[in-house]
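This report concerns only the one structure given below.
The values are calculated or read from the model by the stated rules, or taken from the named source; none is laboratory data. Fair warning: this is a prediction, and the values are worked out from it, not measured in the lab. No Cβ is skipped: glycine too gets one built from the backbone with ideal geometry, and neighbour counts run over all protein chains shown. When the accessible area is computed, the model is the full protein with side chains, heavy atoms only, and any ligands, DNA or RNA have been set aside. Shrake-Rupley method; radii C 1.70, N 1.55, O 1.52, S 1.80 Å.
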Amino acid sequence: MLNVDHLSKTFNPGTVNEKLALDDVCLHLAPGDFATVIGGNGAGKSTLLNCVAGVYRQDQGSIRVNGMMLDRLPEYKRARHLGRVFQDPLMGTAADMEIEENLALALRRGKRRTLAWGVTPQERERYHGMLKSLGLGLEDRMSQKVGLLSGGQRQALTLLMATIGTPKVLLLDEHAAALDPKTARKVMELSNQFIKDMGLTCLMVTHNMRHAIQYGNRLIMMSQGRVILDAAGEEKQKLTVEGLIQRFSQQRSDEVMNDRMLLG
Amino acid sequence: MEQVLLGALSLGLLWSIMALGVYITYRILNIADLTVEGTLTLGAAVTAQMIYAGQSPFLGMMLSFGAGLLAGLATGLLHTKLKIPALLSGILTMIALYSINLRVMGKANLSLLRLGTAYTVIGEWLGLDKTWAVIAAGAVMSLALVFILYWFFGTELGSAIRATGNNPNMVRAQGIHTDTTVILGLMVSNGLVALSGSLIAQSQNYADVQMGVGAIVIGLASLIIGEVLFARNNFLSRLLSMILGAVSYRIIIALVLRLGMPADDLKLFTALTVVVALFLPRLKEMRDTARHVTKGSHHAER
Ligand SMILES: Nc1ncnc2c1ncn2[C@@H]1O[C@H](COP(=O)(O)OP(=O)(O)OP(=O)(O)O)[C@@H](O)[C@H]1O
Ligand SMILES: [Mg+2]
């Protein structure tokens, strides 16, 4: 479903700040694969997701989704195939717009925007049901501004928006990292449930090793712009936090493993 | 005095259409667009030249609106395609428009005295004198535009424009080309400003190449006065508050002039009003934080 081949990306080439962020990355996700991605700060995890989404253009390599080449498409045209949730809860929603208006923008992802009414009554009913399934009481606040919601509520809403049209690939970039542990667990549970129920193909970056082991059917470890571990099926089931830390420290690198990652 | 207030009312109604345009860029798109200084004059120049050439003033108004759309397009292309910062893009178009406006008019000032304007026609229809014809036309136009804008920004396309000013990242992630929405917003805004310029020129019976100087500040002053005094927490009320704000601004100006302020100081006065109004929310914030700190309560930013 997602095929990344020999992807390389260098930031600020030819300057003192030159940084090889992705170094010949290959990654293939079958339909329904749910891969978690871990790695130290600066390993290139976000850059990988951003290259897939078209935020950055890669220097080399190709990206295909469902067999379709994305390389030449700008970010907004790739969006019809992708759902995205970001680390920053403020990033995925429009704060000054209502909950239902945000959902309506997401429902029309990949469609032409016309002069038809922005939110129709039939949609509203659908949104009500969807919001109810989050169990956060948002279904009674549909015409409130998103800016009034808490970080966790905004992330749950962004998740709903990202999955609304059953995207071919769902990209989650540390989407629970900015939340308190309880809310983070809730958002992770919701994500897992959506991915399972809809059979989504998903790439989820996380700093939390337990989450990385607990969720998904594949685990990918990155370091210095490379994939250094790709465990699937039984191999993944056998992974432990201690085992991962060991693998990680074998990798000679200037990346620091922070506390967040060890204890998560 | 009554005459003064009526004059302020009619001027306020005509300028409120420009305030609506400023609202679209400044509040919805989150861009301070200086193009409007040139666009206001452009609208005046096009209509004046059309009337001068013996054409219908209504046709002139439509052409003015169209010319405004093009001016907005120019700024939008500079900003989105050439990646020139919005403020500078606006300034560049504004400067270019100065020459274009001179070309359209053929000279620095075009008089419409004794030529039929839209108000002459409307006045004849309704049996009103000039002052009341201007007020009637201004009120109907500004109200109609408020409702059209309310509808437009409720559509799929309008929602996309609103979201762009809010969070362009999210808008792109939802499959919308933010270049297009920014350009569209700038076009609609400048179309309205040009229409306002057309109506103003007809009411004062001349178009002048200097007309637009300081227009952005007048627009902002009207916007802020409208929001502070009249706006409630919904979109329709915020649009309506632009009309009330523009009229209030004109009444305030008329009053301070009557109280003896020299007309030459007007722009200084307006600029200071905007400075104070822009600073007020900050002042309130600072006072609130000071209060929290003294109470010893901890409030995280945002
Ligand atoms: N826009 C950019 N311009 C320049 N350098 C960048 C940019 N984005 C990322 N980098 C650099 O590329 C490298 C990889 O960054 P990336 O954000 O992909 O890491 P990450 O694995 O997501 O790390 P983290 O866990 O801290 O989020 C880093 O060295 C970073 O400084
Ligand atoms: Mg990252």
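List the aspartates and glutamates whose Cα sits under 15 Å from the Cα of B:Lys81, skipping any in the same chain fewer than 8 residues away. Within the straight-line limit of under 15 Å, B:Lys81 reaches these aspartates and glutamates: B:Asp179. Dividing the mean sequence gap of close Cα pairs (under 8 Å, 6+ apart) by how many residues region B:2-212 holds gives a relative contact order of 45 percent.
For A:Arg84, the residues whose modelled amide H falls within less than 5 Å of its own, excluding neighbours fewer than 5 places apart on the same chain, are A:Leu171.
Contact residues in region A:68-88 (at least 40 Å² less accessible area with all protein chains than alone, 1.4 Å probe): A:Glu75, A:Tyr76.
Across chain A, the mean sequence separation of Cα contacts (distance under 8 Å, 6 or more residues apart), normalised by length, yields a relative contact order of 27 percent.
Leaving out ligands, DNA and RNA, and with a 1.4 Å probe, what % of the accessible surface on the protein assembly as shown is carbon or sulfur? Mind dumping the intermediate values first?
Values: 15170 of 25930 Å².
Within the protein assembly as shown, the accessible surface is 59 percent carbon and sulfur.
Modelled this way, with points 7 Å down the Cα-to-C-beta line, the labels at A:Glu242 and A:Leu148 are 5.1 nm from one another. For A:Asn66, nonlocal amide neighbours, meaning residues 5 or more places apart or on other chains whose placed amide H falls under 5 Å from its own, are A:Leu2, A:Asn3.
Would you calculate the volume per residue, in Å³, of the smallest convex hull containing every Cα atom of chain B? Don't skip to the answer; put the middle values down first.
Details: hull volume 46.4 nm³, N = 302.
Each residue corresponds to 154 Å³ of Cα convex hull volume.
The amide H of A:Asp71, built 1.01 Å from its N in the peptide plane, has A:Ile63 as neighbours under 5 Å, considering only residues 5 or more places off or on other chains.
The alpha-carbon of A:Lys238 sits under 12 angstrom from the alpha-carbon of none of the aspartates and glutamates, leaving out residues fewer than 8 places away in its chain. Across region A:2-7, computed HN-Hα scalar couplings (Karplus, 6.51 cos²θ - 1.76 cosθ + 1.60, θ = phi - 60°) run 10, 10, 10, 10, 6, 7 Hz from first to last residue, x flagging Gly and Pro. Cβ-Cβ distance of B:Asn109 and A:Asn17, R₀ of 60 Å, FRET efficiency by 1/(1 + (r/R0)^6): the value works out to about 0.60. For the protein assembly as shown, the fraction of C-alpha pairs more than 32 angstrom apart is 55%. If you find the alpha carbon centre of region B:197-276 and of region B:41-75, how far apart are they in angstrom? About 22 Å separates the Cα centre of region B:197-276 from the one of region B:41-75. Across region A:136-148, coupling constants 3J(HN,Hα) worked out from phi with the 6.51/-1.76/1.60 Karplus curve, θ = phi - 60°, read 10, x, 5, 5, 8, 10, 4, 9, 8, 5, 4, x, 7 Hz, and Gly and Pro carry x.
Between A and B, buried accessible area summed over both sides at probe 1.4 Å, in Å² to the nearest 100?
Numbers: alone 13060 and 15190 Å², together 25930 Å².
Heavy-atom accessible area buried at this interface is about 2300 Å².
Shown in residue order for region B:41-46 are the 3J(HN,Hα) couplings computed by the Karplus curve 6.51 cos²θ - 1.76 cosθ + 1.60 at θ = phi - 60°: 5, 4, x, 5, 5, 4 Hz (x for Gly and Pro).
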